[in-house]
Every structure is written in structure tokens, then in C-alpha cells.
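Okay, structure first, notes after.
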Amino acid sequence: MDWGTLAGTALGAVLGVGTTLVAERSRWRREHTARERAVKQQLYAEYLGALSLTTHQLRDLKRNTGLTREERIRRAGEILGSTAAYNLRYQMLIIAPEPLGATADQAFRCVRDLRDRFDGPDVGTDPEWSSTMSAVSESLKSLRAAMRSDLTSD
């Protein structure tokens, strides 16, 4: 028996299988990264959408002068609950990297502070409304930038 032929065949088989495994692992990693990015894009878009929708609806509620204070408070609470912002917030805290999760949580807190402005005596004349709206706008701007950064960092 020629040991050289046998060793060459065995070495070729090991190299072939090894190369195939490395290529499959590389392909799997690319596909996994692409799926992960798609999940993040979907979640980020839904979360921003929920916060923006909540902000828009709260701003519209403030303009509605035909409601009693109690009705406004009730509707403000319903608005935040109906946009899925709470559920998406927890998903963000689980999926997003920690710095982005903190930015997402801060944006949520700003929107919640906006909702809490309805607890005051008259939100229509609330002197803090403008500064609270500015804080919401800035926090959403920071959140968008952090999300873009996370999605393009890979």
C-alpha cells in the first residue's frame, strides 16, 4: 500500500470538508446578521412610529377645547396605551444595544411627560407645554440618530 497516496487523499478530504465548513459558517453569519438587522429595522420603525403617533394625538387632544379636564386626562391615558408604545419600549430595552436602549427609554419618558401635562388644571394654557414638546422633539431626534448609527455600524 502506498502511504503517500493515502495521506494525500486524506489531506484532500480534510481540506475539502474544512473549506466547506468555513464557507457555510461564513454564509450563516451573513444571513444571521441580515436577519438581525431586519428585525431591528422593523422594531425601530415601529417604536418611532408609536412615539410619533402618540405625540401627534396628544397635540391634537390639547387643541380639542370641547372636552372636560377629566375627559382629556382619560383620553391622554388611552392614547399612550393604544399606540403600543409600552410594549415596543420593552422590546427595545431587550433587543437594542444598551446605549440605544437608554436613549429609547428617555424618548418614551419624554412622551409620557407630555401625556402627564394633561393632569394639570388646564393644558390649554399650560406654560410648560412648549418646553415639554421641545424635549420630546429633541429626544426623538436623538433616538433616530442613535438608531441609524446602530443599523449602519455592522
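In this entry, segment 1-87 is assigned a mean projected area of 7.2 nm², taken as a quarter of its C-alpha convex hull surface. If you roll a 1.4 Å probe over the chain with all protein chains in place, what percent of the accessible area is carbon or sulfur? That share works out to 57 percent. For the chain, the longest principal axis of the alpha carbon atoms and the long axis of helix 98-116 meet at an angle near 20°. The long axis of helix 85-95 is offset from the longest Cα principal axis of the chain by roughly 30 degrees. Among 131, 26, 142, which one shows the biggest mean-square fluctuation in a GNM of the chain, springs joining Cα atoms closer than 10 Å? Between 131, 26, 142, it is 26 that shows the largest mean-square fluctuation. Rounded to the nearest 20 debye, the dipole magnitude of the chain is 280 debye, with +1 charges on Lys and Arg beta carbons, -1 on Asp and Glu beta carbons, and the Cα centre as origin. Backbone phi angles across segment 125-130, fed through the Karplus curve with coefficients 6.51, -1.76 and 1.60 (θ = phi - 60°), yield HN-Hα couplings of 10, 5, x, 8, 4, 4 Hz in residue order; Gly and Pro are listed as x. Per-peptide packing, taken as the mean over residues of other Cβ atoms within 10 Å, places 47-56, 12-21 in the sequence 47-56, 12-21 from highest down.
Derived scalar couplings between HN and Hα for segment 7-23 equal 5, x, 5, 5, 5, x, 5, 5, 5, x, 5, x, 5, 4, 5, 5, 5 Hz in order, rounded to whole Hz, by the Karplus curve 6.51 cos²θ - 1.76 cosθ + 1.60 (θ = phi - 60°), x for Gly and Pro. Along the charge dipole of the chain, pointing to its positive end and built from +1/-1 on Cβ of Lys, Arg, Asp and Glu, which listed residue (104, 58, 21) has its Cα farthest out? Most positive-ward Cα: 58.
Protein heavy-atom accessible surface, 1.4 Å probe, per residue over segment 8-154: 60 Å².
Temperature 20 °C, viscosity 1.002 mPa s: under these conditions the Stokes-Einstein estimate for the chain, based on its Kirkwood radius over C-alpha pairs, is 114 µm² per second. One Cα centroid belongs to segment 58-137, the other to segment 1-50; the line between them spans 45 Å.
The values are calculated or read from the model by the stated rules, or taken from the named source; none is laboratory data. Worth saying up front: this structure is predicted, and the values here are computed from it rather than measured. Virtual Cβ from ideal backbone geometry, glycine too; neighbours counted across all protein chains shown. Accessible surface areas use protein heavy atoms only, side chains included; no ligands, DNA or RNA. Shrake-Rupley method; radii C 1.70, N 1.55, O 1.52, S 1.80 Å.
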